[in-house]
Amino acid sequence: MNLSELVDTFELMEATKSRLALTDYLVSLIHNTPSTIIDKVIYLIQGKLRPDYEGIELGIAEKMIIRALSCALSVDISSIEEAYRQTGDLGDAARKIISSKENKKTTRFTVEHIYSTLEVIARTSGAGSQELKVNYIVELLNHSTSREARYIIKFVMGTLRLGIADYTVMDALAISFTGNKSNRKILEDAYNVCSDLGTVAKVVATKGIEAVKAIQITLFKPIRPMLAERVRTAHEALSRMEGGVAAAEYKLDGERIQVHLGKELYDVDNNIRDGGNSSSKVELFSRRLENITHQYPDVINAIVSSLKKVAKEAIFESEVVAIDPQTLELRPFQELMHRRRKHEIDKTIEQYPVRLNIFDVLYLDGDDKTSLPYNQRRKILERILQQVATKTSDEVNKKINKNKHNSSNNSNRDILENNYNTSMIQLIPQTLVKSSEEIEKYMSSAIESGCEGLVLKQLGSIYKAGSRGYLWTKLKREYRSELADTLDLVIVGALHGRGRRVGKYGALLLACYDHEADIFRSISKVGAGFTDIHLEDFYKKLEKHKIEHVHPRVDTIAQNMDVWFEPSIVIEVIASEITVSSAYSAAMNSIRKGYGLALRFPKFTGKTRDDKSPEDATTVEEIVEMYKDQIRKFN
Ligand code: ATP
């Protein structure tokens, strides 16, 4: 398949906002794609090379691309920088320069060739790798047309965002391979379990829809998380639960982690180990399914020295929280951000210790547990953690007794320390509740323990991967004050700052997500709640998302922004109320004709939701619900 075919379709896709048109373009692209490379084409459409959890990223620095362009086109660096300044995008700059040298010799690159070169670039590391990467890029640019070069640069920089939602891709796959869009549900179920749209595409293309149904949970491939709906009152939470009874669990405010525990099947040379020689392997995945194992080596040690004793293979859902090293009390969510550092990890572990709180089991020793009811999964967890506690205390006592006569205090201290490490893993506190009073009481104890509130879970509910619903509901402390909840909104524009904020942004234009239309709709400008450090940080972070005009997936009435951004960064805000407004497009006409909804007195809470993609932002429907709740409350 020629790269030019992909480029033609990408250009058409970039030029439309219509989801129907996008689906049509995708269907015809899929039709022309050989099934042998359908997975690769799907990854490229998603702007990646492999599923997120593999962590294969291109993200080549601007400077290197400029160098490669200069070398390939025999143009000096300053001219490229000038074209970059003018266009605001290196891909566009390359296109502009190359099209002015039209008689350049081009090659008909295939998609296979481009993909494999990109893969080599992504995987090249170590000494001299930068030079090698530049050489590969030069080679591609030397022989590509100006339109192809534009996309090649976007690929290598990791900035290709066609803005096509996963479910649009699944619609197109369902239409293409089954002739029936409603089969998207089957593809979606498989995707929720394996988090790899390329693989789902390949299976449906080569083996058909029945084979997609057979896709199962696989260790070390993250499962898309089940999420909770918010409720305002204990009464509402219970009214949503079958039989008026629920399991109330503490809602800890940390980072969600999916723990995969199994065996390392390969040795350092990637050869399969023999059974007797296999060692433990633990991997941790974030809410966005990124592999974050490297951030928590202490958690890994704790898992190996505790859970590994009672389970050979398992997948758990958990919340990791920062704790005070002296008092072991919970610390704010922000402290976990220090764990993202790549250097001096030992020091960070010491300064910012954590605890892993397990709240679900999805897989255990060969069995998928997601279709068991909640209360059975909880029983399994209780049994596992009880076994861990018993084994650990037996071992500690045995070792201390053995050491009684002949050993130093030091070895006993080591044993106790090891015990402390294993208690780093705990089961999330839970109780059964049947009345609002019981919920209120448990809520108070959760808040006193430093939690955000409660998650109330239906006893008979299965684990529904990738879905948000009322089988789990969340009741937070903030719900009693101001607005029902904080909102997670996407930054889509900004105004330059004045006075003390000169040289930074003074206010950010925020948008919520319209799931149906796959569009971000403006809801407010926010200028409060930022420290100088936040302001500097945002200025830097937003730089790479700057665009010339309103992004095609953004719907805004306010046009007077100084800067526009592609929807990328999600921040958390709190507000005093939601009001109708003719200045913002969120929920336009749904409450009053000619009016949308806006936030009154919005304030940044200090949390950047790096763990959320723009499509995970608060939705228009949720905002309409919050508005209606507010009206009900005031009446
Ligand atoms: P929030 O913004 O409130 O953290 P979210 O959109 O990240 O919510 P939700 O499903 O709405 O995700 O809320 C549940 C989140 O709360 C989970 O993703 C998890 O990180 C966290 N959490 C803390 N304690 C629990 C628990 N006991 N059960 C489930 N999730 C919990």
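The values are calculated or read from the model by the stated rules, or taken from the named source; none is laboratory data. In this text the structure is predicted, and so the values were computed from the model without any measurement. Methodologically, a virtual Cβ is constructed for each residue, glycine included, from the backbone with ideal geometry; neighbour enumeration extends over all protein chains shown. For accessibility, only protein heavy atoms count, side chains too; no ligands or nucleic acids. Shrake-Rupley method; radii C 1.70, N 1.55, O 1.52, S 1.80 Å.
Calculated from DSSP H runs of 4 or more alone, at -39500 (n - 2.57) each and per residue, what is the 222 nm mean residue ellipticity of the chain, nearest 500?
-12500 deg cm²/dmol
How charged is the neighbourhood of N192? Take every other residue with its Cβ under 9 Å from the Cβ of N192, and add Lys/Arg as +1 and Asp/Glu as -1.
Computed value for this residue: 0.
On a 1.4 Å probe surface of the protein chains, which of Y539, Y352 comes out largest in accessible area, and what is the full order?
Solvent-accessible surface, decreasing: Y539, Y352.
At what distance in angstrom do the alpha carbon centres of region 585-614 and region 330-352 lie from each other?
31 Å
Highest mean first, what order results for 466-472, 615-621, 543-549 on Cβ atoms within 10 Å?
My ranking of the peptides, most packed first, is 615-621, 466-472, 543-549.
Using a Förster distance of 30 Å, how high is the FRET efficiency between K181 and S371, based on the Cβ-Cβ distance and rounded to 0.05?
The calculated FRET efficiency here is 0.70.
Give me the number: length gained by fully extending R340 to E14, i.e. 0.36 nm times residue separation minus the C-alpha to C-alpha distance, one decimal in nm.
Value of the extension gain: 114.0 nm.
Using alpha carbon centroids, what distance separates region 108-126 and region 11-63, in Å?
Cα centroid of region 108-126 versus Cα centroid of region 11-63: 15 Å apart.
Per 5 Å bin from zero, what fraction in whole % of the C-alpha pairs of region 48-157 is there, up to the bin with the longest pair?
Histogramming region 48-157 at 5 Å steps yields 2, 12, 24, 25, 18, 12, 4, 1, 0 percent.
Return the carbon/sulfur percentage of the accessible area of the chain, one whole number, probe 1.4 Å, all protein chains in place.
Reported share for carbon and sulfur atoms: 48 percent.
Identify all lysines with a Cα-Cα distance to K251 below 16 Å; exclude those on the same chain that are fewer than 8 residues away in sequence.
Within the straight-line cut-off, K251 pairs with K441, K457, K474, K476.
At 1.4 Å probe size, with no ligands or nucleic acids counted, give the accessible surface of D24 in Å², nearest ten.
Approximately 100 Å² of D24 is accessible to the 1.4 Å probe.
Estimate the FRET efficiency between K207 and S28 by the formula 1/(1 + (r/R0)^6), using the beta-carbon distance for r and 22 Å for R0, to the nearest 0.05.
Result of the calculation: an efficiency of 0.45.
Based on a Kirkwood Rh over C-alpha pairs, give the Stokes-Einstein translational diffusion coefficient of region 487-634 at 20 °C and viscosity 1.002 mPa s in µm²/s.
141 µm²/s
With every atom except the alpha carbons ignored, what do you get for Rg and Dmax of the chain, in angstroms?
26.4, 87
Which of K308/K379; K48/K541; K17/K133; K48/K263 have a Cα-Cα distance over 25 Å?
Beyond 25 Å between Cα atoms: K17/K133; K48/K263.
HN-Hα J couplings of region 60-66 from phi, Karplus 6.51/-1.76/1.60, θ = phi - 60°, integer Hz, Gly and Pro as x?
For region 60-66, the Karplus-derived couplings read 5, 5, 3, 4, 5, 5, 4 Hz, x marking Gly and Pro.
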